[in-house]
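Report on the structure given below.
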Amino acid sequence: MSQPPNLILVVEDNEICRCTIEMQLTSLGLESHASVHGKEALERLSNNSYSLIFMDLQMPVMGGIEAAKAIRELEQRTGHARIPIIAMTANPSRDGCLEAGIDDFLLKPILLAPLREMLGRWLPASHSNRQ
């Protein structure tokens, strides 16, 4: 019996970007949930177990840096395992990102080859070699 696919959380307020990365993840055989801002992502985390989070940095309600800090605080408070958080950004500035607990960066526009490479770097080995 094979393991179910990793569940990925995509946190992106731009509908086109969000739909694009969700379609790319689906094409790689992965399931995803989407949130349009950090506060909604935190709500999803209370009901789901994610293997990886792709997080836009500039969003309404709660931006990516604030959301990443809140996720790291939640992990510490609850003892849950650390979920890799990958910032999706057009601006490669890392100011404040590493301190907030963001693990890596994926440049926009999100292309399939860099996305596949990022998944290979951060997902468990049993799921990182998907075509």
Next item on the list: Among residues belonging to the range 101-126 that are in a loop (DSSP other than H, G, I, E, B) and modelled with pLDDT of 90 or more, point out the one that is surrounded by the fewest Cβ atoms within 10 Å (Cβ to Cβ).
Entry: Pro109
Notebook entry, point to check: Restricting attention to the range 15-27, does a residue exist that is assigned to a loop (DSSP other than H, G, I, E, B) and more than 16 Å from Leu106 (Cβ to Cβ)?
Noted result: no
Note to self: I'd like to check something: does the range 43-61 contain any residue that is among the acidic types (Asp, Glu), within 20 Å of Asp104 (Cβ to Cβ) and part of a helix (DSSP H, G or I)?
What the structure shows: no
Next item on the list: Search the range 70-91 for residues that are free of Cβ contacts under 8 Å to residues at least 24 places away in the same chain and pair each with any residue that is part of a strand (DSSP E or B) and surrounded by 11 or more Cβ atoms within 10 Å (Cβ to Cβ) when their beta-carbon atoms are under 8 Å apart and the residues are at least 6 apart or on different chains.
Entry: Ala90/Leu107
Notebook entry, point to check: Using beta carbons and a limit of 6 Å, which pairs, at least six apart or on different chains, have the first residue in the range 112-123 and under 15 Å from Ile53 (Cα atoms) and of a type in the set (A, V, I, L, M, F, W, C) and the second one at pLDDT below 95 and surrounded by fewer than 13 Cβ atoms within 10 Å (Cβ to Cβ)?
Noted result: none
Checklist line | Failed condition for Leu98, given (1) aliphatic (A, V, I, L, M); (2) assigned to a loop (DSSP other than H, G, I, E, B); (3) closer than 23 Å to Ile110 by Cα; (4) free of Cβ contacts under 8 Å to residues at least 24 places away in the same chain | finding: (2)
Next item on the list: Kindly establish whether Thr20 is without any contact (Cβ under 8 Å) to a residue 12 or more places away in the chain and β-branched (Val, Ile, Thr).
Entry: no
Margin query: Can you confirm whether Ile65 is part of a loop (DSSP other than H, G, I, E, B) and over 15 Å from Leu7 (Cβ atoms)?
Written below: no
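The rows are residues; the columns are (1) buried (at least 19 other Cβ atoms within 10 Å of the Cβ); (2) in contact with a Lys or Arg (Cβ under 7 Å, 6 or more places away or on another chain); (3) hydroxyl-bearing (Ser, Thr, Tyr).
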residue	(1), (2), (3)
Ile21	yes, no, no
Gly29	no, yes, no
Leu45	yes, no, no
Ile53	yes, no, no
Asp56	yes, no, no
Pro60	no, no, no
Ile65	yes, no, no
Margin query: Going by what's in this entry, would Leu9 be described as modelled with pLDDT of 95 or more, part of a helix (DSSP H, G or I) and surrounded by 12 or more Cβ atoms within 10 Å (Cβ to Cβ)?
Written below: no
Next item on the list: Restrict the check to the range 83-98 and report whether at least one residue is in contact with a Phe, Trp or Tyr (Cβ under 8 Å, 6 or more places away or on another chain), of a type in the set (Ser, Thr, Tyr) and crowded, with 18+ Cβ neighbours inside 10 Å.
Entry: yes
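The values are calculated or read from the model by the stated rules, or taken from the named source; none is laboratory data. For clarity, every value in this text was computed on a predicted model and none was experimentally measured. Here the Cβ is made from the backbone with ideal geometry for all residues, glycine too, and neighbour counts use every protein chain on show.
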